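Worksheet: the structure to be examined is printed underneath.
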Amino acid sequence: MELKKTPDKDSLIAIGIIVLSTAVVTYFHYSVPGHFSAVHLAHYYIFYIIVIYAAFKFGFKGGVIVAAAMTVIYSPNAYIGVLSGHFGHHHVPSLVEISMIYAVGIVSGYFSGKLKDEKRKVEQMSAEKLLLEKKMAHDDRLRSLGQLSAGIAHEIRNPLAAIKSGIALIKSGKNDPKITDILESEIERLNSFVDRFLQYARFGNNDPYDIPVVSFLAEIAELSKLTALRRDVEVKVENTLPQDFTVFGDKNSLKQAVLNLVLNGIDAVEGVPEGRVSLKAGHDDGRTYFSVADNGHGMDNTDRIFEPFYTTKDDGTGLGLPIAGKIAQAHGGEITVESGESGTVFTMYIQDRHK
C-alpha cells in the first residue's frame with residue numbers, strides 16, 4: 001500500500017504495524033476453531049481497530065484500502081458468492097459485517113482527512129503569525145532605533161550650536177569670560193548626556209549584595225531633602241517591612257532608580273499647594289516594592305514615559321525613567337505607573353533574591 005511516493009519513517013512504521021497486526025489477527029481468525037465464539041468476536045473487533053488506525057494515519061484512502069483488505073481476509077466467501085452470482089441467505093451476516101467494516105473505514109477516513117486539513121490550516125496560520133510577529137518586531141526595532149537616533153541628535157545639537165557660537169565670538173576677538181563659562185557649561189552638558197546614555201545602553205547589575213532597607217530609605221530621604229526644601233515640598237518615608245529586612249541587589253543602581261522616582265515626584269508637585277511626595281517600602285507576592293506617590297496634577301501619555309528621550313520637562317533628557325526601568329528589570333522586577341487628577345504613583349518591584 002503506497003500512499004506516498006516517498007514514505008517517511010512514521011508512515012513506514014504505521015504500515016509495519018498494520019501488516020503485523022493484520023497477520024496476527026488473520027492467524028487467529030483461521031486457526032481458532034469456530035466454537036470459540038469469544039475469540040472470534042474479539043478479533044472481529046480488532047479488524048475495526050486496524051481500519052480506524054489506518055484511516056487515522058493515511059486518511060480516507062488508507063481507511064478504504066485497509067477496510068477492503070480486512071473484509072477479504074474476514075470473509076472471502078462472501079466476495080466469491082457475490083462475484084459468482086451464487087448469493088445465498090448464509091452470506092447475509094457476512095455482508096452486513098463487511099458493510100460495517102467499510103462504513104468504519106469511510107467515516108474514519110473522512111473525519112481523519114478533515115482533522116488533517118484543519119491541522120494544516122492551523123500550522124499555516126501559526127507560521128504566518130510567527131512571520132508577522134517577526135516583521136512587527138523588526139519594525140519596532142527600526143522605529144526604536146529611529147527614535148533613539150533622533151533623541152541623540154536633539155540632545156547634542158543644542159550644545160554644539162552654543163559651542164560653535166562661542167568659538168565664533170572668540171575668533172572675532174571677544175574674550176568675555178562669560179563666553180568661556182558658557183563653553184564649559186555646554187561641554188559639561190554634553191559629557192553628562194553621554195554618561196547617562198552610556199549608562200542606559202550598557203547598564204548591568206554590577207555589585208549585588210544584601211541591602212538593609214531601613215538605611216537605604218534613610219539615604220534616599222537625605223539625598224532628596226535639599227531639593228524638597230528648595231521646592232517647599234514635603235517628603236514622607238514609610239517602611240512597612242521588618243527593621244532587619246534586606247533586599248539583594250546593586251545598591252548604587254537601586255538608589256539611583258528610587259531617587260529618580262522621588263525627584264520626579266518633587267518636580268510634579270512644584271507649585272502645588274501643600275505638595276507632598278511619599279515613599280513607601282513593602283512586600284507583596286514574593287517581591288519587594290518601593291512606591292512613590294505625589295499629589296500633583298497627574299500625567300499624560302503614561303504609555304510613553306519609559307521610551308528613551310521622551311520627556312515633558314524643558315531641561316530633561318528623557319533617560320531617567322528608561323534607566324530606572326532597566327534597573328528594575330535587571331533585578332527581576334518592573335516599574336508600574338498609575339496616574340490621575342489626584343496625582344501619580346510609581347511602584348518599582350524587585351524580585352526576592354538570595355546569594
ask   = Want the number for D8 to T246: 0.36 nm per residue separation, take away the alpha-carbon distance, what's left?
value = 79.7 nm
ask   = Once you put a point 7 Å from the Cα of Q351 and another 7 Å from the Cα of M100, both along the Cβ direction, what distance in nm separates them?
value = 5.9 nm
ask   = Considering the zone a paramagnetic label at A221 would reach in this model (a point 7 Å from Cα along the Cα-to-Cβ line), which residues of segment 241-285 have amide N under 12 Å from it?
value = 279-281
remark   = In nanometres, the difference between 0.36 nm per residue of separation and the alpha-carbon distance of S172 and N77 is 22.4 nm
query = Expressed in nm to one decimal, what extension gain is obtained for the pair L160 and V237 from 0.36 nm per residue of sequence separation less their Cα-Cα distance?
reply = 23.6 nm
ask   = Could you name the lysines in cross-link range of K178, using Cα to Cα under 29 Å and dropping any fewer than eight places away on the same chain?
value = K164, K313
query = Under 27 Å Cα-Cα from K135, which lysines qualify once same-chain neighbours fewer than 8 residues away are excluded?
reply = K119, K121, K326
query = Using a Förster distance of 25 Å, how high is the FRET efficiency between H297 and L229, based on the Cβ-Cβ distance and rounded to 0.05?
reply = 0.70
key: Sites E338 and E133, calculated FRET efficiency, Cβ-Cβ separation with R0 35 Å, nearest 0.05   = 0.75
key: Set of lysines near K236 by C-alpha distance (under 23 Å), chain-local residues within fewer than 8 positions excluded   = K225, K251, K255, K280
Isotropic mean projected area of the C-alpha convex hull, segment 210-351 (nm²) = 8.1 nm²
ask   = Applying the Karplus parametrisation 6.51 cos²θ - 1.76 cosθ + 1.60 with θ = phi - 60° to the phi angles of segment 174-191, what ³J(HN,Hα) value in whole Hz is obtained for each residue in order, glycine and proline being reported as x?
value = 8, 10, 5, x, 4, 5, 4, 4, 5, 4, 4, 5, 5, 5, 5, 5, 4, 5
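Computed from the coordinates by the stated procedures, all read-outs in this text should not be read as laboratory data. Predicted model only: the values in this text are computed from it and were never measured. When we count neighbours, we look across all protein chains shown, and the Cβ atoms used for this are built from the backbone with ideal geometry, even at glycine.
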